[in-house]
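> After the structure tokens below, expect a handful of questions from me.
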């Protein structure tokens with residue numbers, strides 16, 4: 001419950017920040033028009049959008065609209081911004097979902113195996129993936145994947161949206177960072193847990209190694225990884241903005257960049273709001289997962 | 001591990017740790033140098049970084065061509081093409097405007113390193129100061145600062161950066177400030193937790209008992225202990241910032257088009273991914289090498305400066321330095 005309040009505060013803070021940056025630092029009319037617009041054109045837009053009203057009236061109108069999901073009319077598509085955004089939402093969820101569903105189990109597997117066999121080939125491989133994850137620009141990896149697998153080998157389409165073959169390269173590009181970071185954390189927390197007395201107890205009771213690892217150590221090792229999974233999911237949704245642009249994937253990220261290029265402020269706000277909601281929702285899910293892995297934490 | 005090895009190790013470790021408390025700055029530097037020479041990856045990383053920094057500083061002298069010089073006859077020429085029969089070749093090819101990719105990369109190093117260093121400096125100073133205040137004075141100041149950190153952490157930082165840059169437009173200082181604003185919390189958290197663990201320590205209590213003022217305790221006793229973990233963090237953060245700057249520039253919201261930045265070069269080369277591989281390969285490699293070197297160096301520095309791990313290095317050193 002406290003987490004929920006916290007999330008709402010963050011969301012409201014974001015809306016306020018967006019209002020502050022667009023209405024107070026900048027002038028929405030100027031932001032929407034091309035730089036070469038005349039003063040009369042700017043004035044006309046200001047009038048139409050009610051930008052000559054007192055600032056507090058504008059603020060309440062803006063907040064009221066944002067709470068109801070009304071961001072105004074998209075200038076580019078001449079239709080309300082919200083439905084346009086909602087139309088693209090499933091595509092982003094699809095890409096992010098596939099990436100996470102592959103990355104987390106794979107990271108867990110890599111982390112656990114490297115903890116059980118330190119110094120082995122898999123351990124060293126996962127160290128390399130971990131380093132790559134924090135050193136490679138994900139959008140560049142995307143470009144390299146296109147160059148190698150799509151242009152040279154012709155195995156996958158270079159960009160676009162369609163059957164399963166379209167999702168593989170963008171998901172791979174998005175995956176490296178969370179895969180590397182999560183597997184490293186799972187490895188070290190697994191090593192910690194395997195040295196704990198309760199593991200020795202379980203072993204001396206004659207439990208099989210598989211039971212010790214899967215039922216005892218893994219559950220406890222998952223807790224530090226969970227925090228990171230929340231952060232990485234947020235980073236993933238941020239990263240999707242760039243990756244979608246590279247692969248021409250018609251999700252919210254690409255829509256956001258297209259809206260920015262067309263100076264379509266209502267649509268930009270709708271996209272930012274949607275991505276923020278997804279990130280906050282992901283964090284809430286992670287918090288719920290804590291209670292599953294660690295019964296000592298209970299939210300009241 | 002047999003009893004005798006254990007004893008030997010312990011003695012060696014204690015011996016080493018004692019000697020590590022080298023009273024002089026020179027002794028400490030000598031120790032770092034020894035430790036660096038032992039780790040080949042870290043040594044290579046520091047050589048690479050040093051080379052990068054030198055190349056960035058002396059870019060006009062190092063670059064074979066003017067990075068802005070266009071030549072329509074050389075559009076997208078592959079690597080090693082010579083502009084004239086006996087001229088120095090375009091080692092990494094030419095871009096869509098016939099500019100030398102290598103020269104642009106060299107000038108791009110300037111941009112990336114400058115953005116990284118400046119925003120790390122700003123966010124580090126602000127974040128560490130706030131973390132220090134929160135951890136040392138506790139109470140309501142701590143609550144306010146850490147609550148702000150929590151809320152700020154929950155913000156989608158890239159989105160915030162996108163919005164701000166959309167409003168303010170592209171520009172060096174805009175990017176630097178936006179990146180500093182989105183990253184200061186990391187330092188605040190780390191510094192606070194360090195201060196919390198140190199302030200209950202005996203040496204702080206002793207300092208207080210001998211009548212040191214808060215300011216003396218902070219500057220003389222806490223700061224020296226905070227310095228190396230914060231420097232390690234700053235190294236890691238530089239890599240992160242360079243990656244984010246590249247993303248922002250790639251999206252067209254970072255640096256102005258006139259600046260040769262690695263992210264912008266990738267954005268401009270993207271169109272030609274099917275015909276001119278060198279345009280998208282080399283700038284990304286430059287980012288990768290820089291970030292990798294920073295990450296490797298930070299990993300090494302963390303191990304060396306952590307007193308709990310330092311003996312591993314000390315144990316393997318030549319007797320002269322033990």
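> What's the number of the only condition in (1) more than 18 Å from residue A:7 (Cα to Cα); (2) in contact with a helix residue (DSSP H, G or I) (Cβ under 7 Å, 6 or more places away or on another chain) that residue A:274 fails to meet?
(1)
> A further question on this structure: Cβ-Cβ below 9 Å, separation at least six or inter-chain, first residue in segment B:251-274 and within 11 Å of chain A (Cβ to nearest Cβ) and on the phi > 0 side of the Ramachandran plot, second part of a loop (DSSP other than H, G, I, E, B) and surrounded by fewer than 24 Cβ atoms within 10 Å (Cβ to Cβ): which pairs?
Cβ pairs passing all conditions: B:252/B:170.
> Looking at A:280, A:229 in this structure, which one is more than 20 Å from residue A:83 (Cα to Cα), away from chain B (no Cβ under 11 Å) and crowded, with 20+ Cβ neighbours inside 10 Å? Reasoning before the result, please.
Numbers: A:280 fails: away from chain B (no Cβ under 11 Å).
Of A:280, A:229, the one residue that is more than 20 Å from residue A:83 (Cα to Cα), away from chain B (no Cβ under 11 Å) and crowded, with 20+ Cβ neighbours inside 10 Å is A:229.
> Condition test on residue A:210, is it in a helix (DSSP H, G or I), within 14 Å of another protein chain (Cβ to nearest Cβ) and over 27 Å from residue A:96 (Cβ atoms)? Break it down stepwise before answering.
Numbers: in a helix (DSSP H, G or I): yes; within 14 Å of another protein chain (Cβ to nearest Cβ): no; over 27 Å from residue A:96 (Cβ atoms): yes.
No.
> Let me ask something else. For residue A:217, work out the one condition from (1) in contact with a helix residue (DSSP H, G or I) (Cβ under 7 Å, 6 or more places away or on another chain); (2) modelled with pLDDT under 80; (3) assigned to a helix (DSSP H, G or I); (4) surrounded by fewer than 16 Cβ atoms within 10 Å (Cβ to Cβ) it doesn't fulfil.
Unmet condition: (4).
> Given B:105, B:54, B:121, which one is crowded, with 19+ Cβ neighbours inside 10 Å and part of a helix (DSSP H, G or I)? Working first, answer last.
On the way: B:54 fails: crowded, with 19+ Cβ neighbours inside 10 Å; B:121 fails: crowded, with 19+ Cβ neighbours inside 10 Å.
That would be B:105, the only listed residue that is crowded, with 19+ Cβ neighbours inside 10 Å and part of a helix (DSSP H, G or I).
> In addition: Would you please name the residue that is farthest from the other protein chains (Cβ to nearest Cβ), looking only at residues in segment A:136-171 that are in a helix (DSSP H, G or I), more than 18 Å from the chain's Cα centre (by Cα) and over 20 Å from residue B:278 (Cα atoms)?
A:164
> Of the residues that make up segment B:282-305, is at least one over 15 Å from residue B:233 (Cα atoms), at pLDDT below 80, assigned to a helix (DSSP H, G or I) and over 17 Å from the mean Cα position of the chain (by Cα)? Lay out the reasoning, then the answer.
From segment B:282-305, those over 15 Å from residue B:233 (Cα atoms) are B:282-290; that's our starting set.
Filter once more, so that each one left must be at pLDDT below 80: none.
No, segment B:282-305 has no match at all.
> Hey, another quick one. Based on what the data block shows, is residue A:93 part of a helix (DSSP H, G or I), on the phi < 0 side of the Ramachandran plot and under 17 Å from the mean Cα position of the chain (by Cα)? I'd like the intermediate steps shown before the answer.
Numbers: part of a helix (DSSP H, G or I): yes; on the phi < 0 side of the Ramachandran plot: yes; under 17 Å from the mean Cα position of the chain (by Cα): yes.
Yes: the conditions hold for residue A:93.
> Does segment B:198-219 contain any residue that is under 31 Å from the mean Cα position of the chain (by Cα) and within 16 Å of residue B:124 (Cα to Cα)?
Checked against the condition, which is being under 31 Å from the mean Cα position of the chain (by Cα) and within 16 Å of residue B:124 (Cα to Cα), segment B:198-219 yields no hits at all.
> Does segment A:99-115 contain at least one residue that is touching a residue at least 60 places away in the same chain (Cβ under 8 Å) and assigned to a loop (DSSP other than H, G, I, E, B)?
no
> Could you list, in sequence order, all residues of segment A:240-259 that are part of a helix (DSSP H, G or I) and surrounded by fewer than 24 Cβ atoms within 10 Å (Cβ to Cβ)?
Correct list: A:257, A:258.
> Among the residues of segment B:145-155, is any part of a strand (DSSP E or B) and more than 14 Å from every other protein chain (Cβ to nearest Cβ)? Full working, then the answer.
Narrowing segment B:145-155 to residues part of a strand (DSSP E or B): none.
Checked against the condition, which is being part of a strand (DSSP E or B) and more than 14 Å from every other protein chain (Cβ to nearest Cβ), segment B:145-155 yields no hits at all.
The values are calculated or read from the model by the stated rules, or taken from the named source; none is laboratory data. Since the structure is predicted, the reported quantities are computational estimates derived from the model, not experimental observations. For neighbour counting, all protein chains shown are included, and Cβ atoms are generated from backbone atoms with ideal geometry for every residue, glycine included.
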